1. On average, how much area does the Cα convex hull of segment 8-93 cover when viewed from any direction, in nm²?
2. Using 0.36 nm times the number of residues separating residue 93 and residue 69, minus their current alpha carbon distance, what extension gain do you get?
3. Sort the following peptides by mean Cβ neighbour count (other Cβ atoms within 10 Å, averaged over residues), highest first: 7-17, 66-76.
4. Tell me, in nm to one decimal, what length is gained between residue 22 and residue 83 on full extension, where the rule is 0.36 nm per residue of separation less the Cα-Cα distance?
5. Based on the mean of other Cβ atoms within 10 Å per residue, sort peptides 18-24, 82-88, 42-48, 54-60 so the most packed one is first.
6. Can you pull the one-decimal nm distance between simple spin-label points at residue 59 and residue 35, each 7 Å off the Cα toward Cβ?
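What follows is calculated from the coordinates using simple rules that are stated; it is not laboratory data. Remember, it's a predicted structure, so these values are computed and weren't measured experimentally. With ideal geometry, Cβ positions are generated from the backbone for all residues, glycine too; neighbour counts draw on all protein chains shown.
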Amino acid sequence: MLRTPVDAARRDILEWLKDPAAHFPPGRRPADLVEHGVDAGAVAARLGVPRRVAASHLRFLAALGLLRTSRVRRRTYYRRDEVRIAEVARMFEKGW
């Protein structure tokens, strides 16, 4: 897997996490998707890839600081870090 933040799957994940309730149907996840985020299993189902692949994408985006994580019991949930995303967007607008 290429280790670039511009991978199409990663862009899709970031886009879906803008409005998780619209892109991820309610299920075993916490009722408030906006507060807790989405787990790797839900992202894997949406992407149509194994859970390990989705978890790898999510960990990479979290390492970049674009996603925040929270633990609920044994699962890790991911949600967008809007402040960090805005900072990165400004860096690219300025020409890095």
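1. Numbers: hull surface 22.1 nm².
Projected area, direction-averaged: 5.5 nm².
2. Values: separation 24, 0.36 × 24 = 8.64 nm, distance 2.67 nm.
Full-extension gain reported as 6.0 nm.
3. Details: 7-17: 16.1, 66-76: 13.3.
The peptides rank, most packed first, as 7-17, 66-76.
4. Numbers: separation 61, 0.36 × 61 = 21.96 nm, distance 2.16 nm.
Gain on stretching residue 22 to residue 83: 19.8 nm.
5. Working: 18-24: 14.4, 82-88: 12.9, 42-48: 17.6, 54-60: 19.7.
The packing order, highest mean first, is 54-60, 42-48, 18-24, 82-88.
6. Once both label points are built, they end up 2.9 nm from each other.
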